[in-house]
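Peer 1: One structure follows; several queries about it will come next.
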């Protein structure tokens with residue numbers, strides 16, 4: 001039997017997207033209670049160093065980190081984010097923190113903050129997105145924070161708000177696609193549990209420079225192949241499409 005791997009991959013992705021949408025509920029973004037007050041005036045925003053990792057996932061379930069794929073995806077995601085920030089009335093003076101431009105101690109500080117952010121993001125997704133583990137008070141209050149020590153970032157960049165962006169992709173080998181198709185023939189939609197995809201997602205977040213509070217957060221599971229410019233641009237645009245303020249070009 002000859003397998004059309006492009007069609008097979010689309011089928012695989014559609015199954016996982018269906019399961020993802022079934023597991024997530026409600027409004028796509030989350031905001032701190034002081035969000036509206038915070039954005040009374042445009043904020044100087046800076047992009048944090050990217051937290052993007054791309055893997056190849058084999059039939060045996062072994063994931064291999066791909067540096068070249070990661071660099072490609074980082075560039076596409078970053079460009080898409082900057083484009084969206086430039087179009088939005090809530091942001092001004094867009095800058096970016098680049099690791100080659102900072103000291104070793106500053107880099108250590110940023111990596112520590114990224115770790116705190118990743119921990120917060122996991123909690124946000126777990127307790128404000130998925131029905132089985134959602135905590136209603138967490139959604140309503142949404143008081144996640146990286147802590148007051150985050151304010152030290154002002155020594156690196158004078159922005160008022162910082163944009164964190166994280167993404168994970170697990171690109172399947174032909175062998176794993178075949179394995180999934182065979183599992184689907186036996187288990188139907190449950191094949192997604194027999195041959196799991198890997199934890200794929202992209203999330204964006206705005207963090208207040210003074211308090212470390214997470215002001216806005218948006219998350220998308222199974223974003224698609226982020227090595228493709230059109231995919232990265234589309235998913236980032238969708239994440240910002242739900243931002244509570246209109247684009248400049250629509251004014």
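Nothing in this text is a laboratory measurement; each read-out follows from the coordinates by a stated rule. From a predicted model like this one, the values you see are computed outputs, not experimental measurements. Methodologically, a virtual Cβ is constructed for each residue, glycine included, from the backbone with ideal geometry; neighbour enumeration extends over all protein chains shown.
Peer 1: Any chance you could run the full-extension gain for residue 112 through residue 174? It's 0.36 nm times the residue separation minus the Cα-Cα distance, nm to one decimal.
Peer 2: Length gained, residue 112 through residue 174: 18.6 nm.
Peer 1: Continuing with this model, one more query. Please compute the modelled spin-label separation between residue 238 and residue 149, points set 7 Å along Cα→Cβ, answer in nm with one decimal.
Peer 2: 3.6
Peer 1: With each label point set 7 Å from Cα along the Cα-Cβ vector, what nm distance links residue 36 and residue 87?
Peer 2: Distance between the two pseudo-spin positions: 2.6 nm.
Peer 1: Sticking with this one: May I ask you to order 60-66, 39-45 by the average number of other C-beta atoms within 10 Å around their residues, highest value first?
Peer 2: Top to bottom by mean Cβ count within 10 Å: 39-45, 60-66.
Peer 1: Put a dot 7 Å past each Cα toward the Cβ at residue 229 and residue 104; how far apart are the dots in nm?
Peer 2: Distance between label points: 3.9 nm.
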